[in-house]
Amino acid sequence: MIHASLTELRAALDARRISSVELAGLFLERIERLDPKLNAFITVDRDGALAAARAADTRIAEGRAGPLTGIPIAHKDVFCTEGLATSCGSKMLANFVSPYDAHVVARLKAEGAVMLGKTNMDEFAMGSSNENSHFGPTRNPWDTARVPGGSSGGSAAAVAARLAPAATGTDTGGSVRQPAALTGVTGIKPTYGVVSRYGMIAYASSLDQGGAFGASSADCALMLGAMAGFDPRDSTSLERTPEDYTRALGDGAGGQPLAGLTIGLPVEFFGPGMADDVRAAVEAALDTYRALGARTVEVSLPNARLAIPAYYVIAPAEASSNLSRFDGVRYGHRVAEYTDLADMYAKSRAEGFGAEVKRRILIGTYVLSHGYYDAYYLQAQKLRRLIAEDFRAAFARCDVIAGPTSPTTAWAIGEKADDPVQMYLSDIYTIAVNLAGLPALSHPCGFGAGRLPVGLQLIGGYFAEARLLGAAHRYQQATDWHLQRPADGA
Amino acid sequence: MSLSTDQVRRIARLARIDLGEAEITATQAKLNSILGLIEQMQAVDTRAVEPMSHPQELAQRLREDAVTEADRRDAFQKIAPATEAGLYLVPKVIE
């Protein structure tokens, strides 16, 4: 059951081969046994999970089960959960208990999914390695001396180590796709506006988007179906007819199920900078896609090289504004001693925020300060349009775009911790997608040196989630990379 | 463009983050390396380009000016560092 897909778990629950309470117990036992080493969870909610599982068992017995009823999941600790600690990986919110549920949390609750707990993350989702967590780094289940990626590293590690069958994440510059790649799981970031940001603690509002992790594309499709949908409480939520994200998950092995699919390969994603082991795995995956009937064409994203500079203006600018709410007055950390109001603000924020969060707030404050707005924020927003137009031009020649998710496999804990710019460059293939607001996923496509997972990124046009999930599903029917698991004791 | 220590102090003050003198120099070096990365943007001529803020060019939705939320003051104040009689407590601002 530990390794079963969500579809297999659904069948087992419906056939009463296992109860939801038993299933939750299996995963809670694994968390208790394996998580002290991995640190994938910040909070485990045993009592809440068992209560939700009992309710799910009743619902199943009454024949009212939905696709996820009774299935254990984990939430990234960026999502507010009523009555349960929500820390966002920060000392600032170490004792914060949300008075309401995030839209995503409420949706999955309404589905009858069983939340096991809240997963570790880089503080306020700022980071690519999970080392920026106030609660200590999460370790990669494939090699515990290495990072799991970030910022949703806890969710990715939890799914990879089978501490949860599936989990939520958020992706502002690659924070679902990059950790998915580094831990050998599948992760999807939908089109900006598809998943409500209500109750998802804000980092960079024009880029933040909820997403999902699973062992397979099919599992991600089921999670996304439960998470997506219009929410009037999010001002950028899109009013669209609900979609069935599983609709393109065709079955039947053999043949050329991807005949007619054109995959664009951006020259900029295959240049120097990609590690040899990543390149070999990605090239082999493209051979598989071609064998399945897809055609590949070369495309170009000439402005993609500007994505990282533009991102490190837009994201810090929006963060400096969003994080101004943490002032030690209404919630969050307040310093013990202070002389006056200004001193209370400055000291509470100095104590509550970690080094990387402070750096991004400072950069954001600077680029928005008087006299610099046009040179930085406005220029970055213009580059954002150029990047989006590059994608539009590329999609005139292809249906999906493929390339590496991350230039390297997982690196050693501490290796880039003191060099923010090196850390930023690890998101070189993922960030442009957020600037354009496009959907993209990462799926396992082999192993590099030291048996560390490699991910392939598939990028689609707006609202092409089902097509991406369908293509990845066909690949996963023909390969077994997504079925490989790290050893429990790794 | 590179920031002086005085500029770092000024930005920290604007951001309401207390940076000790010992942190200023280390912060300055890291901020300047990040600004070096950002500087690559300036080489691009964007005079004819419209800025983009939402991928779908979505306009802000309007709604009726009506109360839609229930009063949950107690629940919201339970998580505050200091409250009294339904008010948030802060140090005295006006003498």
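No lab work stands behind these numbers, since they all come straight from the coordinates. Small disclaimer: the values here were computed from a predicted structure and weren't measured. Cβ coordinates were reconstructed from backbone atoms using ideal geometry, including for glycine residues, and neighbour counts include every protein chain displayed.
Before moving on, here are some points about what is shown:
- Note on A:Ala275 and A:Leu50: the extension gain reaches 76.6 nm, defined as 0.36 nm multiplied by sequence separation minus the Cα-Cα distance.
- An oblate overall shape is assigned to the stretch A:383-490, the ratio a/c of its alpha-carbon gyration tensor axes (a ≥ b ≥ c) being 1.5 or greater and a/b not exceeding b/c.
- Shielding by other protein chains, B:38-45, mean Cβ within 10 Å: 6
- As an equivalent ellipsoid, the protein assembly as shown spans semi-axes of 35, 30, 22 angstrom, where each value is the square root of five times an eigenvalue of the C-alpha gyration tensor, largest first.
- Its Cα centre serving as origin, the protein assembly as shown has a Cβ charge dipole (Lys and Arg +1, Asp and Glu -1) of approximately 380 debye.
- When exposed loop sites are taken as trypsin sites (Lys or Arg not before Pro) in a DSSP loop with at most 15 other Cβ atoms within 10 Å, the longest stretch of chain B clear of them is B:1-46.
- Under-5 Å amide H pairs with A:Asp143, H placed in peptide plane, nonlocal only: none
- By definition, a body whose alpha carbon gyration tensor gives a ≥ b ≥ c is prolate when a/c is 1.5 or more and a/b is larger than b/c, and the stretch A:283-325 fits this prolate description.
- Only one residue of A:Leu26, A:Phe96, A:Met223 has its Cα farthest out toward the positive end of the dipole of chain A, where Lys and Arg carry +1 and Asp and Glu -1 on Cβ, and that residue is A:Met223.
- When only the Cβ of Lys, Arg, Asp and Glu is charged (+1, +1, -1, -1), the dipole of chain B relative to its Cα centre reaches about 160 debye.
- Ranking of A:Tyr462, A:Tyr429, A:Tyr372 by neighbouring Cβ atoms within 10 Å, starting from the fewest: A:Tyr372, A:Tyr462, A:Tyr429.
- Beta bridges from DSSP with both residues in the stretch A:41-155: antiparallel share about 55 percent, rounded to the nearest 5.
- Checked against a 19 Å cut-off, the cross-linked pairs A:Lys358/B:Lys30; A:Lys91/A:Lys358; A:Lys91/A:Lys118; A:Lys358/A:Lys382; A:Lys76/A:Lys189; A:Lys347/B:Lys78 give Cα-Cα distances beyond that limit for A:Lys358/A:Lys382; A:Lys347/B:Lys78.
- Per-residue ellipticity at 222 nm computed for the protein assembly as shown from its helices equals -11500 deg cm²/dmol, with DSSP H segments shorter than 4 residues left out and the rest contributing -39,500 (n - 2.57).
- For chain A, the residue among A:Ala350, A:Gly83, A:Ile401 whose Cα projects farthest onto the positive side of the dipole built from Cβ charges is A:Ile401.
- Both numbers refer to the Cα atoms of the stretch A:166-273; Rg and Dmax are 15.8, 46 Å.
- In a DSSP loop and with at most 13 other Cβ atoms within 10 Å, the GluC sites (Glu not before Pro) in the stretch A:325-397 are A:Glu337.
- Legend: calculated FRET efficiency, A:Arg290 to B:Asp6, from the Cβ-Cβ distance at R0 = 51 Å, rounded to 0.05, equals 0.30.
- The amide H of A:Ile42, built 1.01 Å from its N in the peptide plane, has A:Lys118, A:Thr119, A:Asn120 as neighbours under 5 Å, considering only residues 5 or more places off or on other chains.
- Normalised by 2.2 N^0.38 Å, with N the number of residues, the alpha-carbon radius of gyration of the stretch A:235-373 equals 1.69.
- Whether the stretch A:45-152 is rounded, prolate or oblate, judged on the alpha carbon gyration tensor where a/c under 1.5 counts as rounded: prolate
- Amide H to amide H distances under 5 Å link A:Gly264 with A:Val297, A:Asp399, A:Val400, A:Ile401, A:Ala402, where only residues 5 or more positions off or on other chains count and H is placed in the peptide plane.
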